[in-house]
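Trainee: Encoded as structure tokens, here's the structure I'll be asking about.
The values are calculated or read from the model by the stated rules, or taken from the named source; none is laboratory data. If you're wondering where the values come from, they're calculated on a predicted model, not measured in any experiment. Cβ: placed from backbone, ideal geometry, glycine included. Neighbour counts: every protein chain shown. Accessible surface is based on the protein model in full, side chains and every heavy atom, while ligands, DNA and RNA are left aside. Shrake-Rupley method; radii C 1.70, N 1.55, O 1.52, S 1.80 Å.
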Amino acid sequence: MKPSNSDTHTSVLEQCQTSDRFRIEKRLQQIAARSASGQPTSKMQADLEQAIEKSTALTQQRLDSIGVVNYPDLPVAEKKDAIKAAISENQVVVIAGETGSGKTTQLPKICLELGLGAKGLIGHTQPRRLAARTVANRIADELNTTIGDKVGYQVRFTDQVSQGSLIKLMTDGILLAETQHDRYLSKYEVIIIDEAHERSLNIDFLLGYIKRILPQRPDLKLIITSATIDLERFSKHFDDAPVIEVSG
């Protein structure tokens, strides 16, 4: 059976950068409306095809830049396959583990191994600026890259994220501020809210806000990490999201 225009459009959008999808979808709707009313669309179609080609090429370029991902001997690596399956099959996943489990440094790498980060950033929040910088440096070192290349960080007064960055460490306050000018957090393919059990105002606001936009962003993955407290509460808040526990 020949695929419908809707199926074709969905397939095209899935290969584009997350930050381009709303704009491309709007152009598709405009072209369809003009075509239905008998108005010319050739110029709009040519511009759209160029935009799609540029966006999908960037997706492939970012995918090619991921490279091989290796893991140190940490408890979270033992649950890697279960975590990958949960992230692939669910929009929201809760990862629980005490300090030393490796969840903070290894989860972004697990996302990379799934091909996530190619269509948009893997955003990774930390409650404190020092932690954001330290974790960024650790992940960059394990990926054999430098800060500002595959891995970057942004804290108050410092932005070390480039166009080629796949993983972005930041404070939860930075991500919350971004919601003011990017309503759907469209440049992110994954958001990891780390240390969610600390329950700061920023974290609570973020979790509430992201829950509201998830239906409009079915392509967005949310990973919540916590110590082994409040797990049931986090899971219920996100419609019984699966919980994976990792030893310390």
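Trainee: Give the long-range amide H neighbours of ILE192: residues separated by 5 or more places, or on another chain, with amide H under 5 Å away, using H modelled in the peptide plane at 1.01 Å from N.
Mentor: GLY123, HIS124, THR125, ILE223
Trainee: So what are the stretch 46-105's ellipsoid semi-axes, whole angstrom, largest first, if each one is the square root of 5 times an eigenvalue of the alpha-carbon gyration tensor?
Mentor: 34, 15, 9
Trainee: Now, a different point. What is the extension gain from LYS211 to ARG138, computed as 0.36 nm multiplied by their sequence separation minus the C-alpha to C-alpha distance, in nm to one decimal?
Mentor: 23.3 nm
Trainee: Given PRO72, LEU207, LEU48, which one lies farthest toward the positive end of the charge dipole of the chain, if we put +1 on the Cβ of every Lys and Arg and -1 on the Cβ of every Asp and Glu?
Mentor: LEU48
Trainee: Another one. Using a simple charge model, +1 on the beta-carbon of Lys and Arg, -1 on the beta-carbon of Asp and Glu, nothing else, what dipole does the chain show about its Cα centre, in debye to the nearest 20?
Mentor: My answer is approximately 780 debye.
Trainee: Suppose we keep just the DSSP beta bridges with both residues in the chain; what percent of those would be antiparallel, to 5?
Mentor: Bridges in the chain are about 5 percent antiparallel.
Trainee: Still on this model: Per residue of the stretch 31-45, in order, report the coupling 6.51 cos²θ - 1.76 cosθ + 1.60 (Karplus, θ = phi - 60°) as ³J(HN,Hα) in whole Hz, putting x for Gly and Pro.
Mentor: So the J values, rounded to whole Hz, are 5, 4, 5, 5, 5, 5, 9, x, 8, x, 10, 4, 5, 5, 5.
Trainee: Taking the Cα centroid of the stretch 31-97 and of the stretch 185-248, what is the distance between the two, rounded to the nearest whole Å?
Mentor: Answer, in whole Å: 20.
Trainee: What percentage of all Cα-Cα pairs in the stretch 107-189 are separated by more than 20 Å?
Mentor: That fraction is 24 percent.
Trainee: If you roll a 1.4 Å probe over the heavy atoms of the protein chains, what accessible area per residue do you get for the chain, in Å²?
Mentor: I get 51 Å² per residue for the chain.
Trainee: Using a simple spin-label model with points 7 Å from Cα along the Cα→Cβ vector, what separation in nm is obtained for ASP230 and ARG156?
Mentor: 2.2
Trainee: Can you give the convex hull volume of the alpha carbon atoms of the stretch 157-248 per residue, in Å³?
Mentor: Dividing the Cα hull volume of the stretch 157-248 by its residue count gives 129 Å³.
Trainee: Continuing with this model, one more query. Treating only the Cα positions of the stretch 61-207 as identical point scatterers, give the base-10 log of I(q)/I(0) from the Debye formula at each q in 0.11 Å⁻¹.
Mentor: Once normalised to I(0) and log-transformed, intensities are -0.37.
Trainee: Carbon and sulfur together cover what percent of the accessible area of the chain at a 1.4 Å probe radius?
Mentor: 48
Trainee: What do you get for the angle between helix 201-213 and the principal long axis of the chain? Use alpha-carbon atoms, 0 to 90 degrees, nearest ten.
Mentor: Approximately 30 degrees, to the nearest ten.
Trainee: Please calculate the 1.4 Å probe accessible area of ARG27, with all protein chains present, and give it to the nearest 10 Å².
Mentor: 80
Trainee: Right, next: Assuming R0 = 45 Å, what is the FRET efficiency of GLN30 and GLU78, from their Cβ-Cβ distance, to the nearest 0.05?
Mentor: Working from the Cβ atoms, E equals 0.35.
Trainee: Which entry in (1) 19.1, 64; (2) 16.8, 50; (3) 17.7, 55 matches Rg and Dmax of the Cα atoms in Å derived from the coordinates of this structure?
Mentor: Looking at Rg and Dmax of the Cα atoms in Å for this model, the match is (1).
Trainee: Just need the relative contact order of the chain here, percent rounded to a whole number, with Cα pairs under 8 Å and 6+ apart.
Mentor: 25
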